[in-house]
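Q: Here it is: the structure, laid out below.
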Amino acid sequence: MRALVVDDSKTMRMILKQILESLNYEVIEAEQGLEALEKLQGVELPELALVDWNMPVMKGIDLVRALRNDEHYAGMRIMMVTTETEMEQVRTALVEGADEYVMKPFTREMILEKLEILGLNPS
Amino acid sequence: MSIAQDDFDYLRTLVRQRSAIVLETGKEYLVESRLAPLAREVGVEGISGLVMLLRTDPRGQISNKVVDAMTTNETSFFRDLNPFDALRLKVIPDLIAARGKDRMLNLWCGAASSGQEPYTIAMTLREHFPQLNEWRIRFLATDISKEMLRRSRAGIYSQLEVNRGLPAKYLVKYFEQKGAEWQVRKDLRDMIEFSELNLAQPLPPMPKLDIVFLRNVLIYFDLATKRDILARVRGALHPEGYLFLGGSETTLNVDDQFRREACEKTFVYRPIRK
Ligand SMILES: C[S@@+](CC[C@H](N)C(=O)[O-])C[C@H]1O[C@@H](n2cnc3c(N)ncnc32)[C@H](O)[C@@H]1O
Ligand SMILES: [Mg+2]
């Protein structure tokens, strides 16, 4: 299984990467939305994308919109992982096409439970 | 600071008499970590001070608080997921077919803790079975802990709690934001009646139950207590009702009047038909 992790914090990418790798995911990292779109070119489609909200250049919510406007990415499940915790933002993310939403700070357990909901926890 | 053997024995006897919860030798640390804050709150010197107080008034307010503090309330929304899939895909559709005439369903959640489990059931009903809005649904959720009942009734959860196992679409649909916390919407709260019930005692009169959730609570009791409780639950169940237990719990070798039925990716327990 493959996953895309998009976050401008290196530490956060590392934490998420470790969780995913322990579940045997192969992880592609990007610092912001535009880089994520570039890195997706020519690689096999990841089943999952974990996407931060606040990032320079291209924000997470714009990345979600871009991915959902492209048929090619229809099979990818998108989960926002962000410090944004307003109801309106959760709603917006879902309307734009995110499948799940995790509010930071999170635990490993929470990520696993959310993957379970998406049917993407292989363990 | 460690706990004196006498004090430990006194406390575990009290807790067992009142709640049937068994505190084995080796659980001294648990008693200490749970009761030290209570001793401070009451203003007595450590666990020994607390026990002194209890000896003078074994059935007073403090004793309730001791029992309350010794309950383990770990829970989460959609805990283990599979039971709620079974509910949605099999149990409720079957019951809707079976009870279509009376249009009545009785549910009981017997160890509700802070409410995540009954609210998960309520959301599942609302989300997937709008036809039940016209049925008479009686949904009782109980626990021995007054503090947990207070929390359940309020239906207010921290960000950490709603992050655990709750699909985002349910958060948006069934909750309201209250500052840094999240409250279950009133119409959902109103579906459930919360009240105090000690499983170690005889059950109050209830209508015949279609669905019973009794998850992750039998593990705290000894075999004889499990047996008593399961027999009482069997008596309260509709002959075609369903019992859900925790992932590490079973009726096998405890109560042979239940049969275990595979249901989606979990098991449900049903009374054996005579
Ligand atoms: C670990 S929680 C289980 C919560 C939920 N059913 C779940 O599976 O997530 C156990 C609950 O059982 C309650 N409990 C313990 N002894 C009890 C008794 N004798 N009668 C009723 N409830 C009891 C505790 O107060 C606690 O809230
Ligand atoms: Mg960021």
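The values are calculated or read from the model by the stated rules, or taken from the named source; none is laboratory data. Just so we're clear, the structure is a prediction, and the values are computed from it rather than from any experiment. Here the Cβ is made from the backbone with ideal geometry for all residues, glycine too, and neighbour counts use every protein chain on show. The accessibility values were calculated without ligands, DNA or RNA, using every heavy atom of the protein model including side chains. Shrake-Rupley method; radii C 1.70, N 1.55, O 1.52, S 1.80 Å.
Q: Give me the inter-chain shielding for B:176-188: mean count of other chain Cβ atoms within 10 Å, whole number please. Provide the component values of the computation, followed by the final result.
A: Numbers: counts 1, 5, 0, 0, 1, 0, 2, 0, 0, 0, 0, 0, 0.
Whole-number average of other-chain Cβ neighbours for B:176-188 is 1.
Q: In addition: Might you report the magnitude of the Cβ-based charge dipole of the protein assembly as shown about its Cα centre, with Lys and Arg at +1 and Asp and Glu at -1, to the nearest 20 debye?
A: With only Lys, Arg, Asp and Glu charged at Cβ, the dipole is about 1700 debye.
Q: With +1 on each Lys and Arg Cβ and -1 on each Asp and Glu Cβ, how big is the dipole of the stretch B:116-274 about its Cα centre, in debye rounded to the nearest 20?
A: Working: 26 positive and 21 negative charges, 36 e Å.
The calculation lands at about 180 debye.
Q: Using amide H atoms built 1.01 Å from N in the peptide plane, name the residues 5+ places from B:Phe139, or on other chains, whose amide H lies under 5 Å from its own.
A: B:Leu107, B:Glu193
Q: Given H placed 1.01 Å from N in the peptide plane, which residues other than close sequence neighbours of B:Phe258 have an amide H under 5 Å from its amide H?
A: Under 5 Å from the amide H of B:Phe258: B:Ile272.
Q: Just to be sure I understand: with springs between alpha-carbon atoms less than 10 Å apart, which residue in A:Ile61, A:Ile15, A:Ile111 has the highest mean-square fluctuation in the Gaussian network model of chain A?
A: Checking each option, the largest mean-square fluctuation is seen for A:Ile15.
Q: Report the net charge of residues surrounding B:Lys27, where surrounding means a beta-carbon distance below 15 angstrom and charges are Lys +1, Arg +1, Asp -1, Glu -1.
A: Values: positive: B:Arg12, B:Arg16, B:Arg34; negative: B:Asp7, B:Asp9, B:Glu24, B:Glu28, B:Glu32, B:Asp222.
Neighbourhood net charge equals -3.
Q: Taking amide hydrogens as modeled 1.01 Å from N in the peptide plane, which residues meet the under 5 Å criterion relative to B:Met104, leaving out close sequence neighbours?
A: B:Arg136
Q: Separate question: First select every other residue whose beta carbon is under 14 angstrom from the beta carbon of B:Ala231; then total the charges, Lys and Arg +1, Asp and Glu -1. It would help to have the intermediate numbers written out before the result.
A: On the way: positive: B:Lys226, B:Arg227, B:Arg232, B:Arg234; negative: B:Asp228, B:Asp255, B:Asp256.
Summing Lys/Arg as +1 and Asp/Glu as -1 gives +1.
Q: Right, next: Once you have the Cα-Cα distance between B:Asp57 and B:Gln257, take 0.36 nm times their residue separation minus that, and quote the gain in nm to one decimal.
A: On the way: separation 200, 0.36 × 200 = 72.00 nm, distance 4.14 nm.
Using 0.36 nm per residue and subtracting the Cα-Cα distance, I get 67.9 nm.
Q: Moving to a separate point now. Give me a single rounded figure for A:102-109: the average over its residues of other chain Cβ atoms within 10 Å of their Cβ.
A: Working: counts 3, 6, 2, 3, 4, 3, 0, 4.
Mean inter-chain Cβ contacts per residue within 10 Å come to 3.
Q: Using a Gaussian network model of chain B whose springs link C-alpha atoms within less than 10 Å, name the residue from B:Val22, B:Val233, B:Val172 with the highest mean-square fluctuation.
A: Among B:Val22, B:Val233, B:Val172, the largest mean-square fluctuation in the Gaussian network model of chain B belongs to B:Val172.
Q: Tell me the accessible surface of B:Asp85 in square angstrom (1.4 angstrom probe, heavy atoms of protein chains only), to the nearest ten.
A: Per-residue accessible area (B:Asp85): approximately 40 Å².
Q: Tell me, in nm to one decimal, what length is gained between B:His128 and B:Ser248 on full extension, where the rule is 0.36 nm per residue of separation less the Cα-Cα distance? Kindly include the intermediate steps, with their values, before the conclusion.
A: On the way: separation 120, 0.36 × 120 = 43.20 nm, distance 2.79 nm.
Additional length available on full extension: 40.4 nm.
Q: Here's something else I'd like to know. Between the stretch B:210-274 and the stretch B:51-87, what's the alpha-carbon centroid distance in Å?
A: Answer, in whole Å: 21.
Q: Between A:Asn69 and B:Glu147, take the C-beta separation as r, use R0 = 51 Å, and let me know the FRET efficiency to the nearest 0.05. Walk me through the numbers before you get to the answer.
A: On the way: r = 49 Å, r/R0 = 0.96.
After rounding, the FRET efficiency stands at 0.55.
Q: Please report the net charge: other residues with Cβ closer than 15 Å to the Cβ of A:Met55, K and R +1, D and E -1. Don't skip to the answer; put the middle values down first.
A: Numbers: positive: A:Lys10, A:Arg13, A:Lys39, A:Lys59, A:Arg65, A:Lys104; negative: A:Asp7, A:Asp8, A:Glu29, A:Glu31, A:Glu35, A:Glu38, A:Asp52, A:Asp62, A:Glu84.
Around A:Met55, the surrounding residues sum to -3.
Q: Too long at a 26 Å Cα-Cα cut-off: which of A:Lys10/B:Lys178; B:Lys169/B:Lys265; A:Lys59/B:Lys169; B:Lys226/B:Lys265; B:Lys146/B:Lys186; A:Lys104/B:Lys178?
A: On the way: A:Lys10/B:Lys178 32 Å; B:Lys169/B:Lys265 23 Å; A:Lys59/B:Lys169 22 Å; B:Lys226/B:Lys265 24 Å; B:Lys146/B:Lys186 21 Å; A:Lys104/B:Lys178 18 Å.
Going by Cα-Cα distance, A:Lys10/B:Lys178 fall outside the 26 Å limit.
Q: Tell me which of A:Leu118, B:Asn82, A:Met14 sits at the most positive position along the dipole axis of the protein assembly as shown, charges placed on C-beta atoms (Lys, Arg +1; Asp, Glu -1).
A: Farthest towards the positive end: B:Asn82.
Q: Continuing with the same structure: For B:Thr13 and A:Leu118, FRET efficiency with R0 = 56 Å and r from the beta-carbon atoms, rounded to 0.05? Please list the in-between numbers first.
A: Values: r = 48 Å, r/R0 = 0.85.
Here the calculated transfer efficiency is 0.75.
Q: Here's another thing I want to ask about it. How well do other chains shield peptide B:159-170, expressed as the mean number of their Cβ atoms within 10 Å of each residue Cβ?
A: On the way: counts 5, 5, 0, 3, 13, 7, 7, 5, 8, 14, 7, 1.
Per residue, the number of nearby Cβ atoms from other chains is 6 on average.
Q: Next question, about the same structure. Which order do peptides B:112-118, B:249-255 fall in by mean Cβ count within 10 Å, highest first?
A: Values: B:112-118: 26.7, B:249-255: 16.0.
Going by the mean number of other Cβ atoms within 10 Å, highest first, we get B:112-118, B:249-255.
Q: I need two numbers for the stretch A:1-63: Rg to one decimal and Dmax as a whole number, Cα atoms only, in Å.
A: Over the stretch A:1-63's Cα set, Rg and Dmax evaluate to 10.8, 30 Å.
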